[in-house]
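Scroll down for the structure; my scribbles are underneath it.
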Amino acid sequence: MTLDNAATSALLHDLEPVVEANLNRHLATAKEWFPHEYVPWSRGRDFDGVLGGQSWEPGQSALSEVARTSLIVNLLTEDNLPSYHHEIAAMFGRDGAWGTWIHRWTAEEGRHGTAIRDYLLTTRAVDPVALERARMTHMSTGFTSAYDGSVLHSIAYVSFQELATRVAHRNTGRSSGDPLCEQLLARIALDENLHMIFYRALLGAAFELAPDPTMRAVYDVVRTFQMPGHGIENFGRKSVQIAMAGIYDLRIHHDEVVGPVLRNLNVFDRGGLSGDGERAREELAAFLADLDRSASRFTQRREAARSRVGHPTKAVGAH
Ligand SMILES: [Fe+2]
Ligand SMILES: [Fe+2]
């Protein structure tokens, strides 16, 4: 069930006061910060090439392989901002409070890529040539909303996506072992949290205005959710590495991303649903139970793999 054009225009119009109120709350809450303050510039030096400096080698940084992978995924995800801006500006419009929010959100997101790239290059954490090539490839692919221009699906998607991004940044920072990296990613995660709060408030208002289609949209989005960076080259392999390290896995997705948003919106106890909305809620409950089981299976498999690594004799015996 998606809204037709007239219903979509009416919904955008009805949501505008909510956008305005939450934009004002956001502006009063968000603290100004400066990416340059988080980057250890004194550790930087010229690279080879035009300036004839030192070429990059993996040993120049103590970061683990998986921390590097996760930082690259997070950065490439942020890099695709022009496509995200295009998608949401085309859907929500750039007039009035919607437009003010979209431009403000874009400006805040723009800091994230700048700050992470400056950190990675200054500390020589990743191969700068491979990083630039990956950025070109990724941005050349762009990003298209999976929900065919549906405003409700998009509001639902960004509510989960901003929280997922928050958790991914925070856990990447923690896993890095570098307090400066952790400090930077914690600061970015704070921004993502405020973005989630903004979009979640809109989703709550949508539940009031159009309960059944909103419930259907939430179910569709939870069922098909993919991280915004899913178009990154070798994303599947990278996300397995990230999940194996416990930075972002199904358990985290279920417990720390999907669950909290649904609970905050009182999705399983709210009234006002009928017909298709009720059906979508039942399907959502069944899907979540499934997701929970898959998350437990993954965690068990990971623990088994870890204990094999921790006990080499067993690992040999397993062959
Ligand atoms: Fe971001
Ligand atoms: Fe964000």
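3J(HN,Hα) along region 200-206: 5, 5, 5, 5, x, 5, 5 Hz, from the Karplus curve 6.51 cos²θ - 1.76 cosθ + 1.60 with θ = phi - 60°, whole Hz, x for Gly and Pro. In region 15-147, taking the dipole from charged Cβ atoms about the Cα centre, the farthest positive-side position among Trp105, Gln54, Thr77 is held by Gln54. Of the solvent-accessible surface of the chain, computed with a 1.4 Å probe and all protein chains present, 54% belongs to carbon and sulfur. For the chain, the solvent-accessible area works out to 47 Å² per residue, with a probe of 1.4 Å and every protein chain left in place. Evaluating 6.51 cos²θ - 1.76 cosθ + 1.60 at θ = phi - 60° for every residue in region 259-264, the Karplus couplings come out as x, x, 5, 5, 5, 4 Hz, glycine and proline recorded as x. Taken over region 120-192, the ratio of Cα radius of gyration to 2.2 N^0.38 Å equals 1.38. Asp292 exposes around 60 Å² of accessible area when a 1.4 Å probe is run over every protein chain in place.
Exposed loop sites, defined as trypsin sites (Lys or Arg not before Pro) outside DSSP H, G, I, E and B with at most 11 other Cβ atoms within 10 Å, are absent from the longest region of the chain, namely 46-319. Once backbone amide H atoms are built at 1.01 Å from N, Leu265 has no partners under 5 Å, excluding neighbours fewer than 5 places away on the same chain.
For the chain, the longest principal axis of the alpha carbon atoms and the long axis of helix 275-310 meet at an angle near 20°.
Accessible area ranking (1.4 Å probe, heavy atoms, ligands and nucleic acids excluded), largest first, for Leu284, Leu190: Leu190, Leu284.
Think of it as helices only: each DSSP H run of n ≥ 4 in the chain is worth -39500 (n - 2.57), and spread over all residues that comes to -24000 deg cm²/dmol at 222 nm. Of the GluC sites (Glu not before Pro) found in region 156-257, the ones in coil according to DSSP and having at most 13 other Cβ atoms within 10 Å of their Cβ are Glu233.
For region 99-109, putting each phi into the Karplus relation 6.51 cos²θ - 1.76 cosθ + 1.60 with θ = phi - 60° gives couplings of x, 4, 5, 4, 5, 5, 4, 4, 5, 5, 4 Hz, in residue order, rounded to whole numbers and with x for Gly and Pro.
The values are calculated or read from the model by the stated rules, or taken from the named source; none is laboratory data. It should be emphasised that the depicted structure is a prediction, and the values quoted were computed from it without experimental measurement. Positions of Cβ are generated from backbone atoms using ideal geometry, with glycine treated the same way; all protein chains shown enter the neighbour counts. Side chains included, ligands, DNA and RNA excluded: accessible areas come from the protein's heavy atoms. Shrake-Rupley method; radii C 1.70, N 1.55, O 1.52, S 1.80 Å.
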